[in-house]
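Please read the structure below before turning to the comments.
The values are calculated or read from the model by the stated rules, or taken from the named source; none is laboratory data. Predicted model only: the values in this text are computed from it and were never measured. Cβ placement follows ideal geometry from the backbone for every residue including glycine, while neighbour counts extend to all protein chains displayed. We work out accessible area using only protein heavy atoms, side chains counted, and drop any ligands, DNA or RNA first. Shrake-Rupley method; radii C 1.70, N 1.55, O 1.52, S 1.80 Å.
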Amino acid sequence: MKLATLKNGTRDGKLVVVSRDLTRFTDASFLAPTLQAALDDWRRIAPHLASMAESLETGAVPSDRFHEHDAHSPLPRAYQWADCSAYLNHVALVRKSRGHEMPPSFETDPLIYQGGSDAFLGPRDPVLAESEDFGIDLEGEIAVIVDDVPMGASAAESLDAIRLVMLVNDVSLRALAPAELAKGFGFFQSKPSSACSPVAVTPDELGDAWQDGKLHLPLSVDLNGKPLGRANAGVDMTFDFGQLVAHAAKTRRLGAGTIVGSGTVSNSLDGGPGKSVAAGGVGYSCLAELRTVESLEDGSARTPFMHFGDTVRIEMKDKAGHSIFGAIEQTVERYQR
């Protein structure tokens with residue numbers, strides 16, 4: 001089934017069930033007012049939501065037109081947002097951009113940081129920044145929302161706890177990151193609010209594209225209407241979502257509604273950094289990778305980070321060409337209080 005949160009003037013919006021073709025929705029707020037409330041009581045609520053989803057497909061329940069611009073992120077705020085970096089090609093390229101090599105331990109021990117989760121952006125909300133000098137970048141990711149996960153859960157147990165899958169634009173301010181990381185205390189100001197796809201879907205909705213804790217489909221990332229990335233999310237993912245969730249739960253339990261991100265989807269080419277879409281490759285899901293490749297090949301980066309007025313679109317389609325999660329489509333705007 002596909003679930004969404006519609007904006008209704010409250011912080012947490014209203015839970016709705018969305019049709020498979022993303023054209024219609026039916027109100028589910030009488031079952032659970034919000035998605036977080038549904039996740040808190042998932043075993044009881046989920047079967048009723050699934051029944052509503054089937055009834056929506058057959059026209060057996062009242063429905064209205066679903067407009068993606070009316071949607072908030074599925075969880076407008078979450079108790080926890082733990083973002084990982086499961087694609088080592090991305091890790092290696094970004095570290096090269098900072099003049100660092102990748103330690104061997106990164107191949108066995110996932111990178112993870114705890115991001116801000118109190119205010120996710122809606123999929124059509126603008127990306128706000130005070131200055132273009134911050135190095136405004138996009139990052140196309142896959143994320144999962146889990147049920148309660150006990151501390152020390154195995155990868156298999158963690159995989160079974162995944163309730164929903166969605167897309168994320170993990171906005172990064174690249175120019176602020178080096179100074180923050182140099183302090184040895186992690187990201188904060190360089191990681192503003194992220195945006196999530198209009199809908200989150202249960203793993204069974206993904207069919208055979210969801211295998212072994214990975215989503216085996218290309219992630220489309222466009223910048224100003226031109227293809228930037230078409231990397232396959234199931235390729236070159238060193239750690240699957242079961243492993244990532246288990247890593248997050250190693251020393252703490254994860255509460256229902258915790259979001260765990262994959263990190264920027266990234267494919268390598270014969271062990272190398274890959275090629276742009278224009279050059280016949282699968283491209284890049286963030287500008288930092290493209291800029292690093294340009295620096296390696298030409299001695300300097302040609303592509304700038306995002307400017308005010310730029311638009312990013314992130315979407316994933318099934319094998320028949322139908323959008324699965326709806327699209328994240330955001331314009332970069334100057335922040336004015």
query = Just for segment 133-156: of the residues that are part of a strand (DSSP E or B) and not hydrophobic (A, V, I, L, M, F, W, C), which one is farthest from Thr311 (Cα to Cα)?
reply = Glu141
request  = Among the candidates Ala301, Ala288, Ala278, single out the residue that is aliphatic (A, V, I, L, M) and either closer than 30 Å to Ala37 by Cα or under 22 Å from the mean Cα position of the chain (by Cα) (or both).
outcome  = Ala288
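Conditions (1) among the hydroxyl-bearing types (Ser, Thr, Tyr); (2) touching a strand residue (DSSP E or B) at 6+ places or on another chain (Cβ under 8 Å), marked per residue:
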| site | (1), (2) |
| --- | --- |
| Leu35 | no, yes |
| Ala38 | no, yes |
| Ala50 | no, no |
| Glu54 | no, no |
| Asp64 | no, yes |
| Ser73 | yes, yes |
| Tyr79 | yes, no |
| Ala82 | no, yes |
| Ser85 | yes, yes |
request  = Test Thr303 against the stated conditions and say whether it is at pLDDT 95 or above and in a strand (DSSP E or B).
outcome  = no
message = Quick check on this structure: which one of Gly242, Gly263 is assigned to a loop (DSSP other than H, G, I, E, B) and open to solvent by less than 10 Å² (accessible area, probe 1.4 Å)?
response = Gly263
query = Of all residues in segment 224-263, which are closer than 13 Å to Trp81 by Cα and among the small types (Gly, Ala, Ser)?
reply = Ala248, Ala249, Gly255, Ala256, Gly257, Gly261, Ser262, Gly263
task = Only residues that are polar (S, T, N, Q) and part of a loop (DSSP other than H, G, I, E, B): list them for segment 4-54, please.
result = Asn8, Thr10, Ser19, Thr23, Ser29, Thr34
ask   = Looking at (1) outside any strand (DSSP E or B); (2) open to solvent by 50 Å² or more (accessible area, probe 1.4 Å), which is the one condition that is false for Gln114?
value = (1)
